[in-house]
Every structure is written in C-alpha cells, then in structure tokens.
Amino acid sequence: MLAQRLTTILPNLTFEESLETTKIHSIAGTLKNDEKIIVSRPFRNPHHTITKVALIGGGRVPKPGEISLAHNGVLFLDEIAEFDKDTLEVLREPLEDKKITIARLNQVLTYPCNFMLVASMNPCPCGYYGSNYKQCTCTPILIKKYLGKLSGPLLDRIDIQIEVERVNYDKLSNKSKEESSSEIKQRVEKARLIQQKRYENENIFSNSELNHKQCEKYCKIDEESKELLKKAFINLGLTSRAYLKILKVARTIADLEGSENIEKRHISEAIQYRSLDKNFFKN
C-alpha cells in the first residue's frame, strides 16, 4: 500500500522525462490507445516468477524490460525473497549505471533504467522471525536460505532499509488526521528545487546522483557527526558504498527540513535507515 502511493508524493515529470518515458513504452507496445504522452511517473509491480529477460529486457526481438518500463518511476518488488536469486542479481549493474545494454547477434541496444527500487519481504517464510507477537516456526537453515536470496552487494545498493513492525489495534483504530500526499509532495518538490539549484553546474539533478568527489564537496559534516558515522561504520560493518549512501540520505533529510548544513541528527536518522544491516543481515 505504501509503495503504490509513493508515486503520489514524487515530483511531477518534466517534459523531457515525459518524452523519454513515452518513447520507452511506445517501443515496448505498452502505451494505451488514447495515450499520446505519459504524464505520470510509472509504477511497475512484476510478479516474483518473472524471468531475467522480462525484468531487464531482451528476447528474440529485443524489447525494454520492467526496469526500463519503470524508468523515471518506481519498480516495486513485492516479497523480494520469493524472486529467483539469479534474477535479482541482474539488478546490480542497472542500479549503478542507470542503463541496461542488451547484446544480440546483429545488434547492441541500450535502454535507460533510472528507476526507484522499492522492495518488501517477510523476515522468514512464516513471517514471524524476531516477532514479539508470535513464535517463528522456521528452522535456522530455512531462515538463512530465505534471507540469502538477497546478496550483500545487492542489499548494499539499497539506500534505505528498515524493519516495519506489526501495527497494533490502537494505531489501526486511531482517527487522528495524518499528513496528506499532496502536503508531503509539496515538501518533496521544495527539496528537489533546492537540489536542482545546488547542482546546476554539476550536470546532475538530485542527491542520489552524487559521486564520491561530489559527496566530499556537498555533504560536509562536523567532527561530532564524523565520530558518530565512524562508530556506525565499524559496528555495522558498512562498506564504502553504504557510507556514501548514508551521507546522501542525510543530505536529503536536511533538504527536506530546509537545513543548509547536515547536522548530527540528520546523520543519526540516516544511520537508523540501515537497520537490516544490523538486525537480519549482519552475518
């Protein structure tokens, strides 16, 4: 439910993004008869039985796969641990390069695939590993095999990893007014404008595109924050990629608050978004 509503808080497609997205769907033959141009961000939700070819593209007559159909939008993998491991592994390069190259006998095609990957999974096959409400019935070997579907390199490429706890009755029956999607979207668009202005001379548009050198320039932190990040790096066994992702997430949190500088609380919150590294995948 949360994943399906994610596109409602993302910034509107620019005209260039609409054209690029429309071209991909036109090539794939997925445009609706009355649809001349795509104006809303794509949301793709493939089934866990999807093949490699259907996911990344290809075939006898090469066509864009789900990762390209999700270009400029969201690719949602529900129950990601149920997907074939080899199929998931092909996501590693596209997540880094934002494009996929398909080589065939007589041609080589490259499709863009700059998508936001969103995935969900249970902690084990029965769904109760680590639960305070019900005892898990899975064996340690079964849990390890289940969690092993997500390799370290793939998990490392996911910026935010959080455990969503079971919602109790009091929260479900709570009638208090929550923040609407339109209100959240306004805050997101303000943060995007801040980033576009900041990177107008860098040929990038958002914090997620920062490379190592740019991170050093735009994600400066004070000594107290450095010490906090150092402890997290050691205690969680983080990689250099995870280190950079924490800085980028902290920069985004600061932008959403309208804060010019990254503060300790922003670093602390960004570290909390790596909870799976600590709770489930530490071994």
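Restricting region 22-45 to residues that are in a loop (DSSP other than H, G, I, E, B) and either hydroxyl-bearing (Ser, Thr, Tyr) or not assigned by TED's automatic domain parsing to the domain that holds Ala3 (or both) leaves a set whose member that is farthest from Gly59 (Cα to Cα) is Ser40.
Here no helices (runs of 4 or more DSSP H) wholly within region 162-259 include at least 3 residues being assigned by TED's automatic domain parsing to the domain that holds Lys98, free of Cβ contacts under 8 Å to residues at least 60 places away in the same chain and within 22 Å of Asn114 (Cα to Cα).
Just one of the listed residues (Pro94, Pro125) is closer than 21 Å to Ile50 by Cα, in a loop (DSSP other than H, G, I, E, B) and not hydroxyl-bearing (Ser, Thr, Tyr), and it is Pro125.
Restricting to region 59-75, name every residue that is touching a helix residue (DSSP H, G or I) at 6+ places or on another chain (Cβ under 8 Å), of a type outside the set (Lys, Arg) and buried (at least 16 other Cβ atoms within 10 Å of the Cβ).
Across region 59-75, the qualifying residues are Pro64, Gly65, Glu66, Ile67, Ser68, Leu69, His71, Asn72, Gly73, Val74, Leu75.
Applying the condition of being polar (S, T, N, Q) and within 22 Å of Arg60 (Cα to Cα) to region 86-135 and asking which residue is surrounded by the most Cβ atoms within 10 Å (Cβ to Cβ) yields Thr87.
If you take the residues of region 193-221 that are under 19 Å from Glu16 (Cα atoms) and of a type in the set (D, E, K, R), which of them is surrounded by the most Cβ atoms within 10 Å (Cβ to Cβ)? Looking at the filtered set, the residue picked out is Glu209.
Set side by side, the residues Leu19, Leu10, Leu31 differ, and just one is closer than 28 Å to Arg187 by Cβ, free of Cβ contacts under 8 Å to residues at least 24 places away in the same chain, among the aliphatic types (A, V, I, L, M) and out of contact with any Pro (no Cβ under 7 Å at 6 or more places or on another chain), which is Leu19.
The values are calculated or read from the model by the stated rules, or taken from the named source; none is laboratory data. Only a predicted model underlies this, so the values are computations on that prediction, with no experimental measurement involved. Virtual Cβ from ideal backbone geometry, glycine too; neighbours counted across all protein chains shown.
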